[in-house]
Structures are given as C-alpha cells and as structure tokens.
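Q: Before I ask anything, let me first share the structure, which is written out below as structure tokens.
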Amino acid sequence: MAIWNLGSINADIVYRVPHIPAPGETLSSNSRQMFLGGKGTNMSVAAARAAAHVHHIGAVGEDGRWAIDRLLEYGVDTRNIAVLDTETAQAIIMVDPQGENAIVLHPGANAEIPQVTLQAAMAEAQTGDWLIIQNETNLQRTAAEMGKKLGLKVAYAAAPFDADRVQAVLPYLDFLILNAIEATQLEQATGKPPGDLPVRDVIVTLGSEGSDWYGTSGKEHFAAIKVDPVDTTGAGDTFTGYVLAGLDRGMPMAQAIGQATKAGALMVTRHGTADVIPDLSEVQAFQP
C-alpha cells in the first residue's frame, strides 16, 4: 500500500541558545544551521525511512526546489509538490542545551497548496492507502473528506493545535495523534477524553513518559526509552511517521508503536530535523 501526506515543507533555521529567551530578552546564539523540515516533511521522511511508499502533497516557492530534491533523495515521491510564485515556509527554531525548543513558523507556500494538486494526488490513491494530514497546511478538511470517500484510512496529527480545525476533521478520522497538552485542549473543547472520541485509534504522546494508545480494547501505555536528549525537534513527527509506516506494512498497532518509540528515542540524540531521521536499519539495530 502507500501513504499520502498532505504536509508542510519548511526551511528549518536552527539556533543553539544558552536558554530559551524570556519576553524582551536578547540572546546571542552559539551556532546556526539550516535543515530540511516541516512537520509534514519530517513525517514523510520518517515513513520513507521506515520502508513505506510515501507520496508527499505540498507546495514550495521557487526558493524551495532544493527541498523537493532532498525529499526525492530520501525516497519520497515528490510529483505532487507544486512550485508556486511565493516563498517557501520557514521555521525559526531555538534549541537550549537540554534539547528543548521554541519555534516561530512562517507558513509561506504551505498555506497556499492548490486544490488541483491535492485532487491529482488523490486520483492516484488506492482504497486502503493511508492519508495523513496536520495543521501546517491548508485543505485539511477537503483532504479528509476526499480521502474518506475514496476508501483511504485517514490519520491526523493535531499540531500546531487548533480546536476548531481538529473538530472539523474528527468525523473522517481513523487515527488521531496528539501530545498531552493538545489532548487536554481537545477535551476542553469537546468535553470528551481521548478514549471517548469518535476515532478508532488515538495516541497521546507524553514526551519522556512515553505514549498512551486508546484503541478498541481500551488504553495501553508504552514507556519511553531513556536516552540523553540533545534536541527534541522532529521527534514527535518521527514517531508519527514510523507508526504509520508500521501500520501500512501490516504491523499491529502495539508493534508499530514499539518501533516508533525506538525511532523517536534515537531522533532526540541528534541535532537537526528531517536530514537526521534514523532509517529502519538503525532503529532495528538500536539496543537501549
């Protein structure tokens, strides 16, 4: 089968800082690097590196053709990435010595993906394929509706969190993944905890505490793998991509989460985003 990802594509500009600055504070950075990034891109690269057949649906400006080339190098099908007369999205990321981050996102082309690009991609999708969407692009509800009608399994990563946008796609979802803060925000908006949402499978990621899976048999907890983190940027996206790749390859959810937990643990030991996501051989060889 295949994974179709309506996802963001960013130039991630990463600054190493002594600490995350407080309001009004000016800091000098220790270093500056630029990576391929964006939640959508990270998920596509992670799923491709986990041996899934991944199609990315998105947009860049003329200044972002390098990102298309890089995605192709990482094994992602890039035929449904439009090049628009606008600028490629950027993320300004500050990372402290403990690996925590603060991010400012400029949406650029991610907010202008043409509907015709989505329609062309969906015309190639097959019943039983996965469609993954998240909140860094336009067209989420349109994609969810279209995917459901075509018989795709629809997954949604609820970040950056927006309660109205999440609720708009809930009726179409087979799989929802969100972090603990987002889960609390969604419960406040809907009055329903994760286990009561009208979605077959819900995963709540808990950072260093692991993750909780709410499925048809109830709640199951998965412990995190203890490592010394240097950068948490992209770890959640790596986890999501690996879960989806596992499911697409026929793994039971528990096995897919176990593999994704190892991938996420490896990811936080590395500086960077899509360019440093571990491949399947590294994950399988990882002995925590």
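Q: Kindly indicate which of 159, 125 is surrounded by 18 or more Cβ atoms within 10 Å (Cβ to Cβ) and more than 21 Å from residue 39 (Cα to Cα).
A: Matching residue, one of 159, 125: 125.
Q: Let me ask something else about it. Please determine whether any residue of the range 42-55 is assigned to a strand (DSSP E or B), open to solvent by less than 60 Å² (accessible area, probe 1.4 Å) and in contact (Cβ under 8 Å) with a residue 24 or more places away in the chain.
A: yes
Q: Looking at (1) closer than 29 Å to residue 173 by Cβ; (2) modelled with pLDDT of 95 or more; (3) surrounded by fewer than 24 Cβ atoms within 10 Å (Cβ to Cβ); (4) of a type in the set (Val, Ile, Thr), which is the only condition residue 103 fails?
A: Failed condition: (2).
Q: Now for a different question. When you scan the range 247-256, how many residues do you find that are assigned to a helix (DSSP H, G or I) and either buried (at least 22 other Cβ atoms within 10 Å of the Cβ) or without any contact (Cβ under 8 Å) to a residue 24 or more places away in the chain (or both)?
A: Qualifying residue count, the range 247-256: 4.
Q: For the range 258-277, which residues satisfy the criterion of being crowded, with 24+ Cβ neighbours inside 10 Å and outside any loop (DSSP other than H, G, I, E, B)?
A: Selection gives 260, 263, 264, 267, 274.
Q: Something else about it: Under 6 Å between Cβ atoms, which residue pairs at least 6 apart in sequence (or on different chains) link something in the range 128-152 that is under 19 Å from residue 107 (Cα atoms) with a partner that is among the polar types (S, T, N, Q) and in a strand (DSSP E or B)?
A: Once the first residue is under 19 Å from residue 107 (Cα atoms) and sits in the range 128-152, its partners that are among the polar types (S, T, N, Q) and in a strand (DSSP E or B) give 132/5.
Q: With the condition kept exactly as written, say whether any residue in the range 88-98 is surrounded by fewer than 18 Cβ atoms within 10 Å (Cβ to Cβ), closer than 27 Å to residue 12 by Cα and within 19 Å of the chain's Cα centre (by Cα). It would help to see each step written out before you state the result.
A: So in the range 88-98, the residues surrounded by fewer than 18 Cβ atoms within 10 Å (Cβ to Cβ) come out as 92, 96-98.
Next cut, closer than 27 Å to residue 12 by Cα only: 92, 96-98.
Remaining after also requiring within 19 Å of the chain's Cα centre (by Cα): 92.
Checking the range 88-98: at least one residue is surrounded by fewer than 18 Cβ atoms within 10 Å (Cβ to Cβ), closer than 27 Å to residue 12 by Cα and within 19 Å of the chain's Cα centre (by Cα).
Q: Only one residue in 48, 52, 22, 89 is touching a Phe, Trp or Tyr at 6+ places or on another chain (Cβ under 8 Å) and on the phi < 0 side of the Ramachandran plot. Which one?
A: Selected residue: 48, the only one of 48, 52, 22, 89 that is touching a Phe, Trp or Tyr at 6+ places or on another chain (Cβ under 8 Å) and on the phi < 0 side of the Ramachandran plot.
Q: State yes or no: is residue 240 assigned to a helix (DSSP H, G or I) and either touching a Ser or Thr at 6+ places or on another chain (Cβ under 9 Å) or closer than 24 Å to residue 52 by Cβ (or both)?
A: yes
Q: Any idea how many residues of the range 87-144 are closer than 29 Å to residue 22 by Cβ and among the charged types (D, E, K, R)?
A: 3
The values are calculated or read from the model by the stated rules, or taken from the named source; none is laboratory data. Not measured: the values here are computed from a predicted model. When we count neighbours, we look across all protein chains shown, and the Cβ atoms used for this are built from the backbone with ideal geometry, even at glycine. Surface areas here come from the heavy atoms of the whole protein model, side chains and all, with no ligands, DNA or RNA. Shrake-Rupley method; radii C 1.70, N 1.55, O 1.52, S 1.80 Å.
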